[in-house]
Amino acid sequence: MANWMIREKGYQESDAATLGNRYLIGNGYIGIRGTLEEYEADHLPAINLAGIYDRVGEGWREPINLPNGCFTYLKVDEDIYRLPEREPVSHEMTLDHRHGVFGRETVWHTPRGNITLKTERFASMHEKNLIGMRFRISADFHADVELLTGIDCDVWDLNGPHLEDILMEESGDIAGGELIVSTHTHEAGIPIVVTECIHSDASVEIKSKRKEMKLLHRICLITKPGESAVIEKWVAVYTGKESYEPRKEATDLLKRAYSDGFETQLKLHMECWEKLWKHSEVVIKGDEIAEQAVNYSLYHLHSIAPRHTQSLSIPARGLSGQTYKGAVFWDTEMFMLDFFIMTDPATARTLMKYRIDTLEGAIAKAASYGYEGAFYAWESQEGGYDACSDYNVTDVFTGRPMRTFFRDKQVHITAAVAYGILRYVEWTGDKTILDKDGVRTIIECARFYHSLLLKPVEKYRYEIRDVIGPDEYHERVNNNGYTNRMAKYTLEAAVRVIGEANVEGTLPEGFDADEWKKNFAVAAERLYIPTPSNRPGKEGVIEQFDGYFDLEDTTLDEVRGRLLHEKEYWGGAYGVASHTQIIKQADVVTWLNLFDREYDIQTLRANWDYYEPRTEHGSSLSAGMYAMLACKIGEPDKAYPFFLKSAMADLKGGGKEWAGLVYIGGTHPAAAGAAYMTAIEGFAGVSVVDGELKVRPSLPRSITGMEFNCYCRGVEYKVSIDGGNAEITPVGS
Ligand code: BGC
């Protein structure tokens, strides 16, 4: 029986940030960190909103956190009972990750007896603007209880405050009163409304109360031993981006939820989750740990999938807060996209539509550097704006900003966009995405690489110089193999797409198809792709970039031992890794994983064996690529620990969470996506060949069988694997 519940027993204040990520709930529109209801800004609670960004002064532009409508605490016999101030007798947090329901149960000892507070909350999958909460209070004595619950406007922000002219009001429209907070963002003035109401069958006295930046309901009751008082609470959120009347819509939604009641709304929410799992659950036989870790990863991807719109992507830290500026990286296309293509193609289309719709931003960025075509934002926000600064890291020794080159040199991002769009088409067969705008996107991606190419006078080949590959520790290198191969892919893809678009009439106006097809084809053919080495001791290994093999060849431990400060940056001009062969994350291995069919097994293995010991895995993206390539060389057992590392990135934690005093943690949806890819494409060996779904399982020792569904070309299939045997049947047949 699959395990769909995670549980945390006991209380440690220092775990608040980590658990905030691990117990996150969300519905793609809002993400609610798994923090306790009584937490204030210093314990990092957040209701994070997708796709709305704001900038204050010189700070980073980042997504906004809403006024915290979940804020709640308890008073018993006039004394406050909340964490961390009041030590509990027992405390437990739970997450039902099949249905996105967060729970907590805390027992405190009071001078007259024990009191228990139990809460549940969900971000409705059925009504994206709705949060439901239920409190149960019980005591073994006649306790005089006050539950204070409402909206805390003192929001945790990294670079805020983003919300201005905060207006706190009460209205009597709903029995018990409605609390309403209206505000707007600083930069674009987008209206934001958060409303709240409560409902209880117990005899309660409800009064509203304002305290500093909090607007609260005060619910007074006397507990009866052996009985629980139950209080339901609804929070509705609307913005001016989606509605002309956010306040009215929020109130209408509250009224609906209020009259439906918690059970009805919870049921609707859970049914939505069940529908998602119907298409996406991965059954893993023989290995409960792997099964739970994979489905927990998928839970996170579902919780942040932008199903409410047709054009939006997923930030690298999901909806777990403002870190990484809420920006979209190559993580989406190269790590998360496959999951959606295979289980929810409509969302996959939404993700790629975001890139097509942000093409103008990419064209402007290319032009700003003197290039043609589309240079996509390394850290993409609304409109394709690149949030990545030229000084993205602070030197721990001097406190000064360090010049980094992620924004201007990590040119492989553009290829990820072309790759994502075409992978979507290959798997779904949905060519409608290659309408005029889609075709133009592919062409502009290719045009970008075309304009980057350099031809050394003495050589008959094109090169791409001065870049950063996926391994960010080595900056401004020449001929990074991953980048060159992805550029070649993009140029070749454009040749194909132009050919088809010419027939279908979707080429841009005035575009000279023959001329550009020729240009791109020649560029692709002459673009230098590093080949496996025949240097003694490095036979078959592909040099990551020109001169990489000449760098100091040392060990990870040695390099780690050279650190002067635990938080210093390993890359850049003075980084401990920069002058060595130690790399941050899979680079050549990522390339070979994508183009494995172009190399023999010995070459793939030689590269895996060479690079793995030299990889810090300093990014959560890394392990999944090693896992995938290990599967492709027929070594699923070698893949397994890397697969588990990916699948448990958020379940186990342990990633970097703080840079000095700045919180940089959050969830790791790219690792979650890589875990899915390893399970489905690696262990189960799923691929699409000439439009047909193929399965070639190669299971690690601990896994005896698998079952899952998978879409291919508009048909949903059920795949059942038993040992080495696989069966594919169309669903419903
Ligand atoms: C990695 C990038 C990644 C980004 C966001 C960085 O640490 O090096 O490859 O895109 O994090 O996840």
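Key figures
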| quantity | calculated |
| --- | --- |
| Flag if Ala671 is away from the ligand (no atom under 16 Å from the Cβ), in contact (Cβ under 8 Å) with a residue 60 or more places away in the chain and surrounded by 24 or more Cβ atoms within 10 Å (Cβ to Cβ) | no |
| For His99: the one exception among (1) modelled with pLDDT under 95; (2) farther than 23 Å from Val181 by Cβ; (3) touching a helix residue (DSSP H, G or I) at 6+ places or on another chain (Cβ under 7 Å) | (1) |
| Residue within the range 177-195 that is modelled with pLDDT under 95 and either among the β-branched types (Val, Ile, Thr) or surrounded by fewer than 18 Cβ atoms within 10 Å (Cβ to Cβ) (or both) present | yes |
| Total residues in the range 560-582, condition more than 26 Å from Tyr663 (Cβ to Cβ) and either surrounded by 20 or more Cβ atoms within 10 Å (Cβ to Cβ) or β-branched (Val, Ile, Thr) (or both) | 3 |
| Single residue of the range 595-634 satisfying the filter (free of Cβ contacts under 8 Å to residues at least 24 places away in the same chain and farther than 26 Å from Thr554 by Cβ) that is farthest from the ligand (Cβ to nearest atom) | Asp600 |
| Count of residues meeting criterion [assigned to a strand (DSSP E or B) and either over 24 Å from the mean Cα position of the chain (by Cα) or not aliphatic (A, V, I, L, M) (or both)] in the range 678-709 | 12 |
| Test: residue in the range 268-284 that is within 16 Å of the ligand (Cβ to nearest atom), buried (at least 22 other Cβ atoms within 10 Å of the Cβ) and either assigned to a helix (DSSP H, G or I) or touching a residue at least 40 places away in the same chain (Cβ under 8 Å) (or both) | no |
| Odd one out for Asp553, checked against (1) more than 16 Å from the ligand (Cβ to nearest atom); (2) closer than 30 Å to Ser687 by Cα | (2) |
| Selection count, the range 447-490, where residues are in contact with a strand residue (DSSP E or B) (Cβ under 7 Å, 6 or more places away or on another chain), among the hydrophobic types (A, V, I, L, M, F, W, C) and either part of a helix (DSSP H, G or I) or at pLDDT below 95 (or both) | 1 |
| Among residues of the range 312-354, those that are within 15 Å of the ligand (Cβ to nearest atom) and basic (Lys, Arg), counted | 2 |
| Any hit, the range 690-709, residues being within 24 Å of Met1 (Cα to Cα), surrounded by 17 or more Cβ atoms within 10 Å (Cβ to Cβ) and among the charged types (D, E, K, R) | no |
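So that you can scan it fast, the table gives a plain yes or no per residue for (1) touching a Leu at 6+ places or on another chain (Cβ under 8 Å); (2) more than 16 Å from Gln322 (Cβ to Cβ); (3) modelled with pLDDT under 95; (4) among the small types (Gly, Ala, Ser):
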residue: Val56; (1), (2), (3), (4): no, no, no, no
residue: Asn68; (1), (2), (3), (4): no, no, no, no
residue: Ser90; (1), (2), (3), (4): no, yes, no, yes
residue: Phe135; (1), (2), (3), (4): yes, yes, no, no
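The values are calculated or read from the model by the stated rules, or taken from the named source; none is laboratory data. These numbers come from a predicted model, not from an experiment. Because the Cβ atoms are built from the backbone with ideal geometry, glycine has one as well, and the counts that use them run over all protein chains shown.
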